[in-house]
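Contents: one structure, followed by commentary.
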Ligand SMILES: [Zn+2]
């Protein structure tokens, strides 16, 4: 909503309140002023001039040499190129030394040999938005009313000495979508006098009800409809003051009839519609629901198909307007119109909302109906428009208004208790002050016992509860006067849940070993949602798709984070950032339902991607590319941090999208929790990235399991004994399997088994490999003897030979 | 004899002083102090002296030996030191060469901001509550006083999945869910951070996916002044002790009264700068007193309980704190962007 300061001043005493202060205080008490614009934009030196003589330039066809009187002295010569300049006009003149918008300074000039002492201005040159300039002045200078006084500042005649406040209104404050509403608000905030328009009509003795009847099918759809008839209208341009007010509010002047309806819309917030009575087609207005498929050609000359939930104004036979949204083309006011049928109505907001949405038509009118207009101001607005039609369009107003539905409704009553208000706000506002605030808001009330019963005016439909009134009291009292206190009451400890703590631990760990945390989008493409997830492959997967995606890129919810991290690798490697190690913790979304009814399963996943070099220290020639074991090492460390490393197992698998020989699933207590592996080289090529390794874990499972608390175990008091063995194994026997076997066979005394060498290739028989293990024996009770160790060790060896078909090497 | 001893001493001292290597010094030691050396010789010849002179001469000889020994020792120490210095100076390295890199990642700036805020409220006794990102219409809208067809639903154009399910447009559904779990008994004291989604075209200031942190405190006797006090504390901890806050009336369907919360500009201290658009204030939060309809729908008696709620955007806070100019940076994960937040 754009509010003219000068216009507002007509209703509220703004004496001593400058536009900036007005904006500031209004903002602080609830209506955000998003900007204050000075219409003069630094203009100076523009005066009213009178064109006394206008002759064609001797050396230029399109130029005129004008003698313009701009004050007491002799007329000055000004060269003007506008086609509409003429003798006898009053025009805005930028004199020598004047400044126009954009700091454009007017100097004495010579044009094709003729001196020019200034410039006759168009509205555009004076800073008016070209879209707002009335058509008749669109291609030329602005011609002012004859009564403009020569030599006087032209800005005030053009209403350009004004300031425009731009209000950013929240949906609850539709009452300020009009000047009267803003005036109420301003008067309340500043405690100033309010003077509102009081339409007075000189109606003739012909009765409107002889010309028209009104019938409403359903008062739920249309609680009130009023029609007035105005005869002898002369359609033409509206006066300057009205045009400039419309322009300042961002509405282009059209003709006096349309301008009046727009003016009253701005002033009262009441959308009105003017029909050409003679082309209305009947003497009957019937408001009903449309028939499905019924058609209407609207003002914008579009044929529109209606649905049964749309409300239409008809002439008893066919629709002439879509209620509250747009009029029909046929009964539109034209230059030939002489009799106006003026509609002022209150339509059900949700019906208008639906219709404007369905038809894709949003207008100043429909928005106001949707947000709620003042039910009790409809009648007065009709009179105001009729008054203006008589005043400026020469109309004769027929007696009375033809109505359906009650003209006024009783205001809602809402009770507020001072004590409750203070309790909610944390203040000590005295009863007297609460009364004053209600009076400033122009709410009438009765105070009995502890209850103040407030009659909420119909212009404020947002107020229905005690809390709404508490807000009114609080904001007018001033939120800056509310003290800052801290909540009293039982103290709570607060804190993180165990799973939230574990998540932070995981993050800290990964960052400390060199991974950056990434954050990617949950919405992705179907193709990406259908890769790397490791789910049983379906012919047609149950995607969770948004019903109207903004693009194919963001169409379905991800089922794994891995493709998003591959995008991160790709993005960075495309920018020569080759060494990438990133992780993300976030949700993936899965469902079994083909038609989603329940909430999907949101799994908290941890995913990571590694590519390029893991370690690089060039001048000391250290260089370690990422490989499977680098990534596995990161996971090993993670599981230690989480206290589950003893319960973790890696099992070689083949999985879609992964390297067939370098991929494993990760199991916790035998239950699959994730995957680790190299991106399949074919996929790698498709992504156009370097060799890349990935893992993804289901954190919900990992975080859910119980972990033994940390208990200190005594430091060794006796020496331990180590034995190394090198075993020749079949290639397909895994080193880890043998390691677990040794561990199991060694019993209590075998404290640790580690792998310290792997040998394959030359000197080995085909299909064999050699793995060296170091076994550490320890007895917490006593010093071990060689005999003690030998007994266990030979048992271990025997077991390994038999179980894994291993032979000792060397 | 005495003379001879003194000469020997002088001679030896002279030689020691001129010795330039450990080898040379060792030769001098052997020459003068060795078993075949001149001093031993002098001592051996003492038998020829009268008995009364012998002790005196013996003493003198020992003194000379002592002097030479000391001189040799100290010279040796000096030479050894020089030798070591020479050796070490050959081991000199270029300390300006870079160290062996230790890998170190860091948190995403949004996580850094969120954790800082979480910790701040944990210190005030809040817990962290989380909830699903795919929500029902009921929890995302209706339970928050946004019935179907409410005009304010337009404020947040949403990604619907089915008629009833959508990507949450705010983290407030977590508040509704948490309150329900409390079965009408306070206090409820939570912070809910998380991802939210709205139908916005991604550009420098809009993102279809972004983060939100909301707070909720429901108890008996919660006042708007408590909201002001709590948020003042928050602003001071996050943006500096000098900060003040300002409440401006606003509108949110789930709070009444509703306010926008401005923090005095941390850059210019209220004098006006480009960050605060010359106003001295920066809008940071939306907040208010929990709407009685919201309390009632979640099973709280609104006559007995009141509460406050607030919400903010970590992206906005991070952009202000770190001077980031484009919201898309948070989601493209350019390593050159991510690695800038090691200290955050
Ligand atoms: Zn500033």
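Against the numbered list (1) free of Cβ contacts under 8 Å to residues at least 40 places away in the same chain; (2) more than 17 Å from residue A:95 (Cβ to Cβ); (3) in a strand (DSSP E or B), residue A:24 comes up short only at (3). For residue A:370, work out the one condition from (1) within 26 Å of residue B:150 (Cα to Cα); (2) at pLDDT 95 or above it doesn't fulfil. Of everything listed in (1) within 26 Å of residue B:150 (Cα to Cα); (2) at pLDDT 95 or above, residue A:370 misses just condition (2).
For first residues located in segment B:270-295 and farther than 25 Å from residue B:252 by Cβ and modelled with pLDDT under 90, partners that are within 12 Å of the ligand (Cβ to nearest atom) and in a strand (DSSP E or B) and lie 6+ apart or on another chain with Cβ distances below 6 Å form the pairs B:270/B:264. Here segment B:273-288 is the region considered, the condition is being more than 8 Å from the ligand (Cβ to nearest atom) and farther than 15 Å from residue A:33 by Cα, and the residue that is nearest to the other protein chains (Cβ to nearest Cβ) is B:288. Please work out if residue B:310 is modelled with pLDDT under 95 and more than 16 Å from the ligand (Cβ to nearest atom). When the stated conditions are applied, residue B:310 does not pass them.
Residue B:299 passes every criterion in (1) surrounded by fewer than 16 Cβ atoms within 10 Å (Cβ to Cβ); (2) closer than 30 Å to residue B:102 by Cα apart from (2).
Report yes if residue B:342 is modelled with pLDDT under 95 and away from the ligand (no atom under 16 Å from the Cβ), otherwise no. Yes. On the stretch given as segment A:762-779, residues that are at pLDDT 90 or above and farther than 17 Å from residue A:801 by Cα total 4. Only residues that are out of contact with any helix residue (DSSP H, G or I) (no Cβ under 8 Å at 6 or more places or on another chain) and not in a loop (DSSP other than H, G, I, E, B) were counted in segment A:325-349, giving 3.
Mind checking which residues of segment A:139-156 are farther than 14 Å from residue A:45 by Cα and surrounded by 15 or more Cβ atoms within 10 Å (Cβ to Cβ)?
Residues of segment A:139-156 that are farther than 14 Å from residue A:45 by Cα, as a first pass: A:139-149.
Passing the criteria: A:140, A:141, A:142, A:143, A:144, A:148.
Considering each residue of segment B:214-272, count those that are more than 16 Å from the ligand (Cβ to nearest atom), within 25 Å of the chain's Cα centre (by Cα) and under 20 Å from residue A:478 (Cβ atoms), and give that number. Result for segment B:214-272: 2.
For the structure I just gave you, tell me whether residue B:193 is surrounded by 22 or more Cβ atoms within 10 Å (Cβ to Cβ), touching a residue at least 24 places away in the same chain (Cβ under 8 Å) and within 11 Å of chain A (Cβ to nearest Cβ). Working first, answer last.
On the way: surrounded by 22 or more Cβ atoms within 10 Å (Cβ to Cβ): yes; touching a residue at least 24 places away in the same chain (Cβ under 8 Å): yes; within 11 Å of chain A (Cβ to nearest Cβ): yes.
It is true that residue B:193 is surrounded by 22 or more Cβ atoms within 10 Å (Cβ to Cβ), touching a residue at least 24 places away in the same chain (Cβ under 8 Å) and within 11 Å of chain A (Cβ to nearest Cβ).
Restricting A:522, A:545, A:551, A:512 to residues that are farther than 19 Å from residue A:692 by Cα, crowded, with 22+ Cβ neighbours inside 10 Å and within 10 Å of chain B (Cβ to nearest Cβ) narrows the list to A:522.
Does residue A:398 satisfy the condition of being outside any helix (DSSP H, G or I), in contact with a helix residue (DSSP H, G or I) (Cβ under 7 Å, 6 or more places away or on another chain) and buried (at least 21 other Cβ atoms within 10 Å of the Cβ)? Write out each step before concluding.
Working: outside any helix (DSSP H, G or I): yes; in contact with a helix residue (DSSP H, G or I) (Cβ under 7 Å, 6 or more places away or on another chain): yes; buried (at least 21 other Cβ atoms within 10 Å of the Cβ): yes.
Yes; evaluated as a whole, the condition is true for this residue.
Residues in segment B:95-114 include at least one that is in contact with a strand residue (DSSP E or B) (Cβ under 6 Å, 6 or more places away or on another chain), in contact (Cβ under 8 Å) with a residue 40 or more places away in the chain and more than 9 Å from chain A (Cβ to nearest Cβ).
For segment A:489-509, a residue qualifies if it is at the interface with chain B (Cβ under 7 Å from one of its Cβ atoms) and not in a loop (DSSP other than H, G, I, E, B), and the qualifying residues are A:495, A:500, A:507. Residue count for segment A:561-582 under the criterion of being surrounded by fewer than 23 Cβ atoms within 10 Å (Cβ to Cβ) and within 8 Å of chain B (Cβ to nearest Cβ): the result is 3. The set of residues in segment B:123-149 that are within 11 Å of another protein chain (Cβ to nearest Cβ) and surrounded by fewer than 17 Cβ atoms within 10 Å (Cβ to Cβ) comprises B:123, B:125, B:147, B:148, B:149.
Sort out which residues of segment B:322-334 are at the interface with another protein chain (Cβ under 7 Å from one of its Cβ atoms) and surrounded by fewer than 19 Cβ atoms within 10 Å (Cβ to Cβ), and write them in order of number. Full working, then the answer.
Applying the first criterion (at the interface with another protein chain (Cβ under 7 Å from one of its Cβ atoms)) to segment B:322-334 yields B:330-334.
Selection gives B:332, B:334.
Can you say whether residue A:585 is touching a residue at least 40 places away in the same chain (Cβ under 8 Å), closer than 26 Å to residue A:663 by Cβ and either at the interface with chain B (Cβ under 7 Å from one of its Cβ atoms) or surrounded by fewer than 23 Cβ atoms within 10 Å (Cβ to Cβ) (or both), as far as the supplied structure shows?
Values: touching a residue at least 40 places away in the same chain (Cβ under 8 Å): yes; closer than 26 Å to residue A:663 by Cβ: yes; either at the interface with chain B (Cβ under 7 Å from one of its Cβ atoms) or surrounded by fewer than 23 Cβ atoms within 10 Å (Cβ to Cβ) (or both): yes.
Taking the combined requirement at face value, the residue satisfies it.
Which residue out of A:412, A:391 is out of contact with any helix residue (DSSP H, G or I) (no Cβ under 8 Å at 6 or more places or on another chain) and closer than 21 Å to residue A:347 by Cα?
Values: A:391 fails: closer than 21 Å to residue A:347 by Cα.
Just one listed residue meets the conditions, A:412.
So, in segment A:87-100, how many residues would count as being surrounded by 16 or more Cβ atoms within 10 Å (Cβ to Cβ) and assigned to a loop (DSSP other than H, G, I, E, B)? First the steps, then the outcome.
From segment A:87-100, those surrounded by 16 or more Cβ atoms within 10 Å (Cβ to Cβ) are A:89-96, A:98-100; that's our starting set.
Okay, now just the ones that are also assigned to a loop (DSSP other than H, G, I, E, B), so A:89.
Residues flagged as surrounded by 16 or more Cβ atoms within 10 Å (Cβ to Cβ) and assigned to a loop (DSSP other than H, G, I, E, B) within segment A:87-100 amount to 1.
Give the residue that is nearest to residue A:242 (Cα to Cα), with candidates limited to residues of segment A:22-33 that are touching a helix residue (DSSP H, G or I) at 6+ places or on another chain (Cβ under 9 Å) and within 14 Å of another protein chain (Cβ to nearest Cβ). Restricting to residues being touching a helix residue (DSSP H, G or I) at 6+ places or on another chain (Cβ under 9 Å) and within 14 Å of another protein chain (Cβ to nearest Cβ), the top hit is A:33.
In the set (1) surrounded by fewer than 19 Cβ atoms within 10 Å (Cβ to Cβ); (2) away from chain A (no Cβ under 11 Å); (3) not in a loop (DSSP other than H, G, I, E, B), the condition left unmet by residue B:319 is number (1).
The values are calculated or read from the model by the stated rules, or taken from the named source; none is laboratory data. Remember, it's a predicted structure, so these values are computed and weren't measured experimentally. Every residue, glycine as well, gets a Cβ built from its backbone with ideal geometry; the counts of neighbours run over all protein chains shown.
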